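As structure tokens, the structure follows; a few thoughts come after it.
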């Protein structure tokens, strides 16, 4: 297994993410789950420690173009390498004691995934998967051997070499692009923008499936220009057919600002759609704006009500039956 650290004397530098924390013996990095145990490596203290576990619609990740309509076994642990004041899962992302849960082996998770009817694979989600990379790689490797797909739902704040290792075994990604401003990243997440953009480019160029989510927060990232810039960058660097999910913010953790106005999301959806083929609104009821239309001819091929997915005008291989345009590269016909 790869060693994501370099040590000198009593100090180790963790190389998983751009923070590159210098950790003294007995201490942990910013994520709180990677510890210098004094033996020349940074150890993962939460290997196999599960905080959340259950079968979800794959649309909940959200992934709309990776085996849509299927289910996936979701697993999460503790810890995160960002410190967003609006975190929806702050109670597990802070990685501080106590950390209740049970220890599970990769083989057990894969066995459970195989036992679920219609299950596509395993999703690493809930907390930030990057911080327990060793367990994710071990589980994803076992899943691949068993013919299952794997998904990572992540903030994308990871160094190039660890991400390269992840790309070798993980099939699909949903990455949060929280802002298109380095200043905002620093102020509200404790991270920076450039590494996230590099991760997105690296995933896109690998050929792995990629979707992007931006949580739209009033007064922070909901300007027309910011969303237009995000959409234009994704189209240019990742491809026009990369799905973008504009998710409605609700007050959480330390941020008490009121929820995003649905009308604002509708307008941002329109603006982002000028650059991208597939833009979706999440966490809000907005008829038609979570549906999928063929970019080739405009025909509706999928309607969504919550997590209920209805396919129409599609071939068994995920192409539009009207014009032949490939809408879904990863598709299993429900028929």
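Miscellaneous remarks
- Scan of the range 188-229 for residues that are free of Cβ contacts under 8 Å to residues at least 40 places away in the same chain and over 20 Å from residue 267 (Cα atoms), ordered by number: 193, 194, 198, 201, 204, 205, 206, 207, 210
- Evaluating residue 57 against the criteria (1) over 30 Å from residue 330 (Cα atoms); (2) surrounded by 17 or more Cβ atoms within 10 Å (Cβ to Cβ) leaves one unmet condition, (1).
- Just one residue in the set 324, 296, 306 is modelled with pLDDT of 95 or more, out of contact with any helix residue (DSSP H, G or I) (no Cβ under 8 Å at 6 or more places or on another chain) and assigned by TED's automatic domain parsing to the domain that holds residue 69; that residue is 296.
- Matching residues, the range 307-329, being surrounded by fewer than 17 Cβ atoms within 10 Å (Cβ to Cβ), within 14 Å of residue 68 (Cβ to Cβ) and in contact with a strand residue (DSSP E or B) (Cβ under 9 Å, 6 or more places away or on another chain): 307, 308, 310, 312, 317, 326, 329
- Residue 181 vs. criteria over 18 Å from the mean Cα position of the chain (by Cα), modelled with pLDDT of 95 or more and under 19 Å from residue 246 (Cβ atoms): yes
- Test: residue in the range 217-238 that is exposed (fewer than 14 other Cβ atoms within 10 Å of the Cβ) and under 16 Å from residue 174 (Cα atoms): no
- The range 174-219, residues that are outside any strand (DSSP E or B) and in contact with a strand residue (DSSP E or B) (Cβ under 9 Å, 6 or more places away or on another chain): 177, 178, 179, 180, 188, 196, 199, 200, 203, 204, 208, 217
The values are calculated or read from the model by the stated rules, or taken from the named source; none is laboratory data. Computed from a predicted model, the values in this text were never measured in an experiment. Methodologically, a virtual Cβ is constructed for each residue, glycine included, from the backbone with ideal geometry; neighbour enumeration extends over all protein chains shown.
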